[in-house]
Structures are given as structure tokens and as C-alpha cells.
Amino acid sequence: MNKDSLAQSILLKDRIAELRKEKGLSQVALAKQLDVDSSTIAKYETGDRFPDVIMLMKLADFFDVSVDYIIGRKNF
């Protein structure tokens, strides 16, 4: 993993956790909303797993942000 990929993965995991907490949701509650196992959300937030394109779109739609925001390409 190169330096840019590492920085982006750190931002990705932090963004998912930040957005979830802003909505007042637990990992379990978010997992239910997205129809995935809670361990999947936990792995996203620890950086042990990365969401695929479909899941990135689901996350963006759920949180009403852009995919670019979630992956750290934009700050709004």
C-alpha cells in the first residue's frame, strides 16, 4: 500500500465512524440499515476491510453525502 492509499484508508475508516456517530447510531444499528453484519461495519471502521463500490454508494446515500466525501476526496 503506497503512502496515498494508506492516508486515504485512514480517512475512509474515520469518515464512516464519524458519520455513524453524527447520526447517533451504533455499529449494529448502521449494519441493520445497510443489511450487513455488524462485524462488517466494525471492520470498515478499523480499516481491516474496505467497502466495495456498491457499499460506498449505499453509505453515501444513507448519510446523504457524496462517495468522494466518504473516501476523502472532498471535505463537503
For A29, the lone unmet condition from (1) in contact (Cβ under 8 Å) with a residue 24 or more places away in the chain; (2) in a helix (DSSP H, G or I); (3) of a type in the set (A, V, I, L, M, F, W, C) is (1)
Residues of the stretch 31-56 satisfying the condition of being among the small types (G, A, S), modelled with pLDDT of 95 or more and either in contact with a Ser or Thr (Cβ under 9 Å, 6 or more places away or on another chain) or within 15 Å of R15 (Cα to Cα) (or both):
A31, S38, A42
Just one listed residue, out of S66, S26, S9, is surrounded by 12 or more Cβ atoms within 10 Å (Cβ to Cβ), at pLDDT below 95 and among the small types (G, A, S), and it is S9
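The values are calculated or read from the model by the stated rules, or taken from the named source; none is laboratory data. All of these numbers come straight from a predicted model, not from anything done at the bench. Positions of Cβ are generated from backbone atoms using ideal geometry, with glycine treated the same way; all protein chains shown enter the neighbour counts.
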